[in-house]
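Encoded as structure tokens, the structure appears first; notes follow it.
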Amino acid sequence: MSAFRVTAIPTKVAEEVRATGKSPVYGFPAHREVAAGRAPCRHCLQLIQQGQEELLLFTYDPFRELGEPPLPGPVYLYAEECPRHPESDAIPEAYRGRLLTLEGYGEGRALLKELRVSGGEE
């Protein structure tokens, strides 16, 4: 059994950013623009189409809910509503065959391992 999990940001976070135009917790403005490059939506886990679809870029810390010290970073979100990707133990189809960096975290959000993969190969 795999301990690997693919987890999208909570719908509540996506809704808050879209409604307020601001990053949750930090209050920084969310930047809205037509995708100018590769942009993965952290809610539905689909790739936002370059030059065709609008995105929101904002500051988010996926560990914030765990009560750990903050470590915010930039994330993308479709500007319009999208369905949340269900938690799973498989890489979403849209990312298969692409070069990815996978990070594994343990207790206290310690980075345990970082792998660069493409097409399921290390």
Neighbours of Q50 by Cβ distance under 15 Å: Lys/Arg at +1, Asp/Glu at -1, summed charge -1
A chain fully extended from V25 to E103 at 0.36 nm per residue, minus the present Cα-Cα distance, gains in nm 25.7 nm
The answer for GluC sites (Glu not before Pro) in the range 2-89 that fall in a DSSP coil and have at most 10 neighbouring Cβ atoms within 10 Å is E80, E87
Computed ³J(HN,Hα) along the range 34-42: with the Karplus parameters 6.51/-1.76/1.60, θ = phi - 60°, integer Hz and x for glycine or proline, the list is 6, 3, 9, x, 5, 9, x, 6, 7
Mean-square fluctuation maximum in Gaussian network of the chain, Cα pairs under 10 Å, restricted to R42, R32, R98, hits R98
Which of (1) 115; (2) 135; (3) 87 is the computed volume of the Cα convex hull per residue in Å³? It is (1)
Mean-square fluctuation maximum in Gaussian network of the chain, Cα pairs under 10 Å, restricted to A30, A19, A79, hits A19
With label points set 7 Å from each Cα along the Cα-to-Cβ direction at R32 and Q50, the distance between them in nm comes to 2.4
Stretched fully, the stretch from L112 through R64 gains (0.36 nm per residue minus C-alpha distance, one decimal, in nm) 15.4 nm
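None of the figures in this text is laboratory data; all of them are computed from the coordinates on show. No experiment lies behind these values; they were computed from the predicted model shown. A quick note on method: Cβ atoms are made from the backbone with ideal geometry, for glycine too, and the neighbour counts reach across all protein chains shown.
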